[in-house]
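Working notes, beginning with the structure itself.
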């Protein structure tokens, strides 16, 4: 199963792909996902027909609302803001970021198969973009992942996070 973020690939990361393997898949199934070459277990017309004949066993992607909190040593506000603005440019689904000299909160939508995949992607976000976006050397100290229906239910009942308006990067 091949999943990645829609839209352009962020610079310097190449192609970002997450491969999820269930108990019913073998390594030859994974190799067959991209295999069309000779010598590949799923290569050639027979392999393609076999892959097409398999029923879809995996759930479709869903949208998850992510709130990621990071914290660390004090950093000048201008550097924090510049890093978060670059992160917003590199990560197309970023809704809003709030920041101070020693912590920040990032809210965005992530597309993933399930909660585990969404959380794994979110937990890697800061570290993967730290050098390319010039983010401070902070660590993740909090994570909330909720599905779209729960997010909208919370907002409708008045219990949700404050609306992500205005969109962008703002001080606390």
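Okay, here's what the table says:
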| read-out | value |
| --- | --- |
| When residues of the stretch 128-137 are limited to those that are in a helix (DSSP H, G or I) and touching a helix residue (DSSP H, G or I) at 6+ places or on another chain (Cβ under 8 Å), the one nearest to residue 109 (Cα to Cα) | 129 |
| Meets criteria (under 13 Å from the mean Cα position of the chain (by Cα) and free of Cβ contacts under 8 Å to residues at least 40 places away in the same chain) for residue 112 | no |
| Residues being buried (at least 20 other Cβ atoms within 10 Å of the Cβ) and in contact with a strand residue (DSSP E or B) (Cβ under 8 Å, 6 or more places away or on another chain) - total across the stretch 80-106 | 10 |
| All positions within the stretch 138-154 that are at pLDDT 95 or above and outside any strand (DSSP E or B) | 138 |
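The values are calculated or read from the model by the stated rules, or taken from the named source; none is laboratory data. What you see is a predicted model; the values in this text were computed from it and never measured. For neighbour counting, all protein chains shown are included, and Cβ atoms are generated from backbone atoms with ideal geometry for every residue, glycine included.
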